[in-house]
Amino acid sequence: MDDDPGGWDEGTVRPYFFLSYAHTPRAGTRGAGDPNHWVRKLYEDLCEAILQLTDLPEGAPVGFMDQSMHQGERWAQRLAKELATCRVFVPLYAPRYFNSVACGQEWHAFTRRPVFQGSQNSELTTGIVPVLWVAADKVPLPEVASQLQFNHSSFGPDYAAEGLYALMKLSYFRTSYEIAVFRLARRIVDVAEGMVIPVGRPVDFQSEPSAFEVRPSANPLRISVFSCHQAELPETRNPDFYGQRRTDWQPYRPHGGRPLADHAVRVAKQLGFHPSVHEFDEEVKEILADAEPAAPGLLLLDRWALRDDQRREIVKKFDRKNPPWVSVLEPWNTDDPDCTRNDGELGALSDGALRHKHREAKPSFQGDSTGLATMEDFEDALPKAAMRAKYAFVDRSRRAQGGQTGSRRPDLRAAFDQPGTPGGGES
């Protein structure tokens, strides 16, 4: 990161708070509403209350909430800047929150900044004002959160018993919600104005560790890459999109600046997964073993690798088993001259190798997972693909636990039993 702490000086108004929350994925049904709508409503209500409690000038930032779900260098730089300049950190306690690596990274980045009391007699505080999104007894706290001394009952008994989500959703609690938001806003203002938290230097957010204990068994996602390393490429293929390992593939280069698997890991973390990255050629030895799946998976497929007859045959065998708990994404950069010149040939190889997956993807993905032309297309498709794989995995596991008998369908478990190398960019 640059040594410039973000361009903030003594004359610049800093945002009062950073709202840290775990993005909730959309339900797996068509027409489902935005699951983060109520979080955004809370953010807007807090901003309105803080404006009433302060003399912030028009246009000044009140708070910050990441609403984009977009990844990449610019996204990380913006997040790092906001975490280095906000005056109060407001985590939204929910079951998904403490399973999110990205939320743990936000917590860690904020707590790297020094905190000074406004006066020697002021109450000890950390600059963190936690919010109960659901009832406290529904959220197991990691050590860093358990150490916080915070009186949630001061925001009202209904708030402490139910959490803000219930207060927002149920009209019966309307008055309790308004009281809780007002008191929460007042607490944010008191901490911001009663503490001295100097502007920090933006850190490399993507390399920050999580402040939460890692739970490797919680919500795993296996990301496998079917591509080439530079030594395997034909002479006609530009090697700039590849590296020393097959997992180094960067189909959208120069956009993104990192292997595609790294971007997949970051998006998966935002969805609450604990992802790991693997070479498909190693995974497939177990994928074809007909065992129960241990985790959902994503296959990132490079059509250029299908030119290898032996490797293409392996993909065909995988497709014939057609495990629904493994989704396939096929980036295809239309700005890459090599891709446009060979579109017909390699598209035909893909259609021949992935007949089942292509047939299933179009009606069930709410969008086509093949031929993802840009990084934005890839980032939009990945959450749908990951959740589709997860729903299929959970459904399979539920039916298996229910003791259903009958002929076994070919499946994938062994592919995901082996411990894999951590995903690139997992920090």
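The values are calculated or read from the model by the stated rules, or taken from the named source; none is laboratory data. Quick caveat, the model's predicted, so the values are computed rather than measured. In this analysis, Cβ positions are derived from the backbone assuming ideal geometry, glycine residues included, and neighbour counts consider all displayed protein chains.
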Next on the checklist: If I filter the stretch 113-132 for residues that are more than 19 Å from the chain's Cα centre (by Cα), at pLDDT 90 or above and closer than 17 Å to Thr24 by Cα, do I get at least one hit?
Outcome noted: yes
Next on the checklist: Tally up the residues in the stretch 267-296 that are within 24 Å of Gln105 (Cβ to Cβ) and touching a Lys or Arg at 6+ places or on another chain (Cβ under 9 Å), please.
Outcome noted: 10
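Give me a count of the residues in the stretch 172-230 that are among the small types (Gly, Ala, Ser) and part of a loop (DSSP other than H, G, I, E, B).
The qualifying residues number 6.
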Checklist entry - Inside the stretch 8-49, can you point out the residues that are basic (Lys, Arg) and either more than 23 Å from Arg183 (Cβ to Cβ) or at pLDDT below 80 (or both)? => result Arg26, Arg30
Checklist outcome for this item: Sole miss for Gly257 among (1) at negative phi; (2) part of a loop (DSSP other than H, G, I, E, B); (3) surrounded by fewer than 24 Cβ atoms within 10 Å (Cβ to Cβ) is condition (1)
Checklist outcome for this item: Only one of (1) within 17 Å of Tyr93 (Cα to Cα); (2) under 25 Å from the mean Cα position of the chain (by Cα) does not apply to Arg201, and that is (1)
Checklist outcome for this item: Selection from the stretch 225-250 of residues farther than 22 Å from Phe318 by Cβ, crowded, with 17+ Cβ neighbours inside 10 Å and of a type in the set (S, T, N, Q) yields Gln250
Item to check | the stretch 273-294: number of residues that are modelled with pLDDT under 90 and surrounded by fewer than 24 Cβ atoms within 10 Å (Cβ to Cβ) | outcome: 12
Item to check | Single residue of Arg201, Arg183 found to be basic (Lys, Arg) and under 30 Å from His274 (Cβ atoms) | outcome: Arg201
Checklist outcome for this item: Scanning the stretch 306-355 residue by residue, those surrounded by fewer than 18 Cβ atoms within 10 Å (Cβ to Cβ), under 28 Å from the mean Cα position of the chain (by Cα) and of a type in the set (Ser, Thr, Tyr) turn out to be Thr334
Checklist entry - Which of (1) surrounded by fewer than 21 Cβ atoms within 10 Å (Cβ to Cβ); (2) in a helix (DSSP H, G or I) does Pro140 not meet, given it meets every other one? => result (2)
Next on the checklist: Based on this model, can you work out whether Arg303 counts as in contact with a Leu (Cβ under 6 Å, 6 or more places away or on another chain), under 17 Å from Leu233 (Cα atoms), crowded, with 17+ Cβ neighbours inside 10 Å and of a type outside the set (A, V, I, L, M)?
Outcome noted: yes
Checklist entry - Which of the residues spanning the stretch 85-100 are surrounded by 23 or more Cβ atoms within 10 Å (Cβ to Cβ), more than 19 Å from the chain's Cα centre (by Cα) and not β-branched (Val, Ile, Thr)? => result Cys86, Phe89
Checklist entry - From the list Arg78, Arg174, Arg74, which residue is free of Cβ contacts under 8 Å to residues at least 60 places away in the same chain, surrounded by fewer than 16 Cβ atoms within 10 Å (Cβ to Cβ) and within 24 Å of the chain's Cα centre (by Cα)? => result Arg74
Next on the checklist: If I go through the stretch 33-54 residue by residue, how many of them are more than 15 Å from Ile188 (Cβ to Cβ) and either surrounded by 14 or more Cβ atoms within 10 Å (Cβ to Cβ) or of a type in the set (D, E, K, R) (or both)?
Outcome noted: 6
Checklist entry - Quick check: anything in the stretch 189-211 aliphatic (A, V, I, L, M), in contact with a Leu (Cβ under 7 Å, 6 or more places away or on another chain) and over 30 Å from Ala305 (Cα atoms)? => result yes
